[in-house]
Amino acid sequence: MAKDKKQKEPRRKPKYGMWTCIKWLASKLWEWDRAAAICCIAAVPLALVLYGLGLYVPTATLNVLETADGFPTVALTVTTLLVTQLFFRLLKTAADDLRGLAYHDGAMRFYYAITKKGASDDFYLDLDKEYLTRRRRAFDVLRNTADGSPTHYLLDGVNALVNVLCFVMFGSVISLLHPAILLLLVAGSLVTHFLQKRQQNRNHAKVDEQTAVNKKIMYLAWNLSAYSAPGKDIRLYGMTPFFESRGKKLIKEHIRLLKYRQNNQSVVTVGTHLVTALRDGVAYAVLIYAAVEGRVTPGEFVLYFSAISQMSGFIGGIIGYFGSFHEMKLKTSDCIEYLEEDHNRLRREGGIPKPEGRPLSVEFRNVTFKYPQGDKNVLENVSFKMEAGEKISLVGLNGAGKTTLTWLMCGLLLPDEGEVLIDGHSVYEYNREDLYSLFSLLPQRYTILPTSIAENVAMTDRKEIDDARLWSALETAGIGDRIRRLPQGVETGMSKEFDAQAVNLSGGEMQKLLLARALYHRAPIMILDEPTAALDPIAEHEMYLKYNEISENTTSVFISHRLASARFCDRIYLLDGAKFAECGTHEELMAKGGKYKELFDIQSKYYKEGAKNDN
């Protein structure tokens with residue numbers, strides 16, 4: 001029942017109409033490759049001339065043979081026709097070559113445009129299900145079209161126009177023999193089209209099922225071979241037979257679906273051959289009968305024969321292309337919807353002047369936030385203010401919302417209710433790039449670029465890096481000596497895929513490098529999210545001693561699961577139950593005897609017992 005119901009669901013309607021899509025594709029092709037666009041236009045008259053010559057040359061040759069008074073006349077006529085045909089064929093080949101380059105160029109440009117769009121859109125959109133669906137559909141266009149971009153439809157539209165014009169030209173010739181032949185050819189082509197359309201609809205009903213099976217097969221293949229992370233569990237717990245049995249079942253299901261498609265194709269192919277044989281057979285029979293009756297000359301026979309043999313191809317091309325109009329509109333509309341529509345909420349232009357050279361205050365006013373896929377608020381009606389230059393610590397259990405709160409500060413996430421203010425101004429008042437530049441962030445999840453240490457710290461091109469500032473950041477972060485010992489120093493690469501001489505830093509070293517990145521940018525607000533998680537106790541203690549130096553001339557937020565590390569901050573905020581449960585200095589919270597003291601005592605007891613066991 002479910003499958004039957006699914007097949008009866010209406011097709012998804014494109015948001016943008018046919019002419020909007022065609023104009024958008026044409027504008028993109030003109031913007032990216034004007035030579036290819038001109039060749040698309042030129043291909044139409046060139047194709048018509050070639051088809052016309054192909055139709056006329058054999059007939060003209062026979063007529064010359066019948067009427068010419070000598071070899072020179074025949075040779076001159078045939079040579080002229082062949083040279084003319086060769087000239088136009090060379091022109092069309094050159095135009096087709098440029099169009100072929102446009103196919104691949106369009107694919108790469110669309111891929112770049114979609115990738116750039118994803119990287120430049122506001123970060124919070126990555127949590128929006130509708131936005132992710134639009135992005136997936138745009139990427140699906142690249143995967144599913146013949147050349148990997150929607151310009152495929154525009155370039156093929158040129159072929160459709162050629163088919164229409166040739167249908168008119170060749171149809172006029174065939175009508176001179178008998179108009180009913182033209183109707184017969186059209187009717188036969190329509191029958192074969194409907195047979196193929198029925199096959200496509202039946203196959204389409206299985207697309208989701210096939211996609212689901214392929215996704216599962218790729219997941220198993222990835223986990224068993226390409227992806228190393230699950231390798232330990234697979235080996236230690238002997239999970240290979242489990243994956244193998246699941247894989248065999250999925251392969252059987254994959255083959256069943258392939259056979260279903262193949263059987264549909266076979267039925268349609270046989271039916272198409274029968275209809276084509278009947279259609280062309282009747283048309284040729286009429287032509288032969290007219291020739292036998294003496295109503296057509298040998299030259300006319302060749303002309304009609306050639307027109308009939310090519311006519312079905314033109315009709316099929318027209319029907320096939322216009323039959324894909326819905327797909328063209330849908331796929332192109334998906335690209336327009338993703339690439340051209342702006343769903344960002346932060347400013348891209350204008351904005352208030354960016355404050356420079358001083359720490360800034362941060363204020364939350366009645367902020368509530370819930371992740372789109374979540375079932376409860378992560379933060380609920382949260383209000384607090386960090387004064388400029390203040391050092392605060394956010395503590396709480398895993399999932400309490402500490403990282404989420406800092407992302408709201410930066411504008412990476414936006415509140416569902418309430419507002420976030422930086423230096424007394426809403427985040428919406430700042431230009432987005434200015435807003436981001438107000439923060440230095442050392443996140444739990446980080447990004448390392450496939451380039452040098454210097455560029456990974458400064459996050460800019462090498463020629464724009466201030467070396468004195470770079471080394472100052474590395475020294476303060478406690479990794480300067482390690483970098484100096486490398487043969488290439490700060491020019492050492494950080495990706496083995498791009499540089500065989502690249503360095504692999506340990507977890508603690510990487511954390512220090514990320515701290516250097518935050519220090520290099522000298523932003524007025526610094527956020528350190530679990531900055532000591534990968535450090536050994538000695539390195540962690542050294543960082544605590546340096547914290548005043550690290551956070552000098554900034555407003556700083558320090559996140560940690562280890563409550564003891566929060567003691568050196570001006571204030572401590574304990575997040576619990578989507579709200580601030582407690583706030584104060586370490587001494588004040590301990591004296592209060594609440595949740596903070598309870599958690600601190602539990603952790604202290606654990607460390608003390610661990611020390612006794614070690615002794």
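The values are calculated or read from the model by the stated rules, or taken from the named source; none is laboratory data. What you see is a predicted model; the values in this text were computed from it and never measured. As a convention, Cβ positions derive from the backbone with ideal geometry for all residues, glycine included, and neighbour counts pool all protein chains shown. For the accessible areas, the whole protein counts, side chains as well, though only heavy atoms, and no ligand, DNA or RNA atoms are used. Shrake-Rupley method; radii C 1.70, N 1.55, O 1.52, S 1.80 Å.
Pairs are defined by a Cβ separation below 9 Å, a sequence spacing of at least 6 or placement on different chains, a first member in the range 251-275 that is part of a helix (DSSP H, G or I), and a second member that is hydroxyl-bearing (Ser, Thr, Tyr); the pairs so defined are Val268/Thr192; Gly271/Thr192; Thr272/Thr192; Val275/Ser189; Val275/Thr192. For the range 327-345, filtered to residues that are open to solvent by 40 Å² or more (accessible area, probe 1.4 Å) and out of contact with any Pro (no Cβ under 6 Å at 6 or more places or on another chain), the residue that is nearest to Phe167 (Cα to Cα) is Glu327.
Restricting to the range 457-512, and then to whatever is under 36 Å from the mean Cα position of the chain (by Cα) and basic (Lys, Arg), can you tell me which residue is farthest from Pro537 (Cα to Cα)? Among those that are under 36 Å from the mean Cα position of the chain (by Cα) and basic (Lys, Arg), it is Lys463.
Number of residues in the range 79-107 that are at pLDDT below 80 and touching a Ser or Thr at 6+ places or on another chain (Cβ under 8 Å) equals 4.
Per the conditions (1) open to solvent by 50 Å² or more (accessible area, probe 1.4 Å); (2) in a helix (DSSP H, G or I); (3) modelled with pLDDT of 80 or more, the sole criterion not satisfied by Arg295 is (2). Residue-level check: of (1) open to solvent by 60 Å² or more (accessible area, probe 1.4 Å); (2) outside any loop (DSSP other than H, G, I, E, B); (3) closer than 30 Å to Arg198 by Cβ; (4) modelled with pLDDT of 80 or more, Lys6 misses just (4).
Check the range 201-208 and report whether any residue there is of a type in the set (A, V, I, L, M, F, W, C) and open to solvent by less than 60 Å² (accessible area, probe 1.4 Å). Yes, because at least one residue in the range 201-208 is of a type in the set (A, V, I, L, M, F, W, C) and open to solvent by less than 60 Å² (accessible area, probe 1.4 Å). In the range 529-548 there is at least one residue matching the filter, namely being assigned to a strand (DSSP E or B), under 11 Å from Leu441 (Cα atoms) and open to solvent by less than 10 Å² (accessible area, probe 1.4 Å). Comparison of Asp69, Asp96 shows that the only residue that is in contact (Cβ under 8 Å) with a residue 40 or more places away in the chain and either assigned to a loop (DSSP other than H, G, I, E, B) or under 29 Å from Leu161 (Cβ atoms) (or both) is Asp96. All of Leu142, Leu101 fail the test of being surrounded by 15 or more Cβ atoms within 10 Å (Cβ to Cβ) and among the aliphatic types (A, V, I, L, M), apart from Leu142.
Scanning the range 445-475 for residues being open to solvent by 20 Å² or more (accessible area, probe 1.4 Å), closer than 21 Å to Ser506 by Cβ and touching a Lys or Arg at 6+ places or on another chain (Cβ under 7 Å) gives a total of 1. Scanning the range 494-520 for residues being open to solvent by less than 30 Å² (accessible area, probe 1.4 Å), part of a loop (DSSP other than H, G, I, E, B) and either free of Cβ contacts under 8 Å to residues at least 40 places away in the same chain or touching a helix residue (DSSP H, G or I) at 6+ places or on another chain (Cβ under 9 Å) (or both) gives a total of 4.
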